[in-house]
Amino acid sequence: MRIFQVDAFTDVVFQGNPAAVCIVEGAVSDAWMQAVAAEMNLSETAFVRQLPGELELRWFTPVTEVALCGHATLAAAHVLFESGEARRRVEFATRSGTLGAIRDGHAISLDLPALPATPVAVPDGLAAALGTEPLAAARSRVSLLVEVGDEATVHALRPDLGALARVVDADGVIVTAACSAAVDGASADADAGAGADADAGAARAAGAARAA
């Protein structure tokens with residue numbers, strides 16, 4: 001077994017969004033992976049294992065396995081590219097289907113599944129748990145998507161994760177807002193239902209998608 005800690009979404013040490021990556025050799029139990037994730041105590045630990053004909057990737061928070069995690073997938077791809085175990089492209093077999101990662105210089109792009117969201121009523125107690133008033137909400141297979149007023153609100157979020165877990169029936173809560181002309185939008189993700197805060201304060205690593 002080899003284990004790494006990677007800071008995603010940054011080129012500055014001790015910034016961004018940390019994830020652990022465990023390269024597993026041979027068979028291990030789900031209980032063993034859960035124990036390792038609890039010991040690492042990060043929002044997600046990615047487990048990479050070579051199976052016949054495919055490269056398996058699974059993600060665990062300190063308390064449970066989750067169906068999808070973007071920043072831990074990015075971290076796993078980074079470890080494989082930096083170690084020379086993958087060159088320009090790598091594909092992972094996951095619970096959410098086949099996920100691809102492509103390296104272009106120092107950048108890595110991910111091919112993640114689209115999870116359509118359906119508009120829903122804003123859950124009772126959500127505003128208090130987030131610390132801000134939502135404009136709208138929508139539900140995908142795994143997450144609740146919440147729109148707030150502006151980019152500054154996203155970056156200032158300090159949600160009550162315990163309260164979120166009580167009022168939201170989803171693995172995660174994604175808070176988003178429209179941004180300035182330079183970017184399309186900003187978002188922050190809190191894995192309230194999975195026992196972890198994926199952004200270590202919900203907005204520390206809030207991402208902005210640049211317009212084409």
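The values are calculated or read from the model by the stated rules, or taken from the named source; none is laboratory data. Keep in mind the model is a prediction, meaning the values are calculated, not measured. Here Cβ is always computed from backbone atoms with ideal geometry, including for glycine, and neighbour counts include all displayed protein chains. In case anyone asks, the SASA skips ligands and DNA or RNA and just uses the protein heavy atoms, side chains included. Shrake-Rupley method; radii C 1.70, N 1.55, O 1.52, S 1.80 Å.
Residue-by-condition table, conditions (1) closer than 14 Å to Pro134 by Cβ; (2) among the hydrophobic types (A, V, I, L, M, F, W, C); (3) modelled with pLDDT of 80 or more; (4) open to solvent by less than 30 Å² (accessible area, probe 1.4 Å):
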site	(1), (2), (3), (4)
Asp160	no, no, yes, no
Arg166	no, no, yes, no
Asp169	no, no, yes, no
Thr176	yes, no, yes, no
Cys179	no, yes, no, no
Asp191	no, no, no, yes
Ala203	no, yes, no, yes
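What's the total number of residues in the range 119-145 that are touching a strand residue (DSSP E or B) at 6+ places or on another chain (Cβ under 6 Å) and closer than 17 Å to Gly172 by Cα?
The total comes to 11.
I need a count of the residues in the range 118-147 that are at pLDDT 95 or above, in a loop (DSSP other than H, G, I, E, B) and either farther than 13 Å from Val167 by Cα or of a type in the set (A, V, I, L, M, F, W, C) (or both).
7
Return the pairs, sorted by first residue and then second, in which the second residue is open to solvent by less than 10 Å² (accessible area, probe 1.4 Å), the first residue lies in the range 15-38 and is farther than 18 Å from Phe4 by Cβ, the beta carbons are less than 7 Å apart, and the residues are 6+ apart or on different chains.
Short answer, once both residue conditions are applied: Gln34/Phe60.
Here's a check for you: in the range 56-81, which residue that is in a strand (DSSP E or B) and open to solvent by 30 Å² or more (accessible area, probe 1.4 Å) is modelled with the lowest pLDDT?
Glu65
Can you name the condition, by its number, that Leu115 falls short on among (1) in contact with a strand residue (DSSP E or B) (Cβ under 7 Å, 6 or more places away or on another chain); (2) of a type outside the set (Asp, Glu); (3) outside any strand (DSSP E or B)?
(1)
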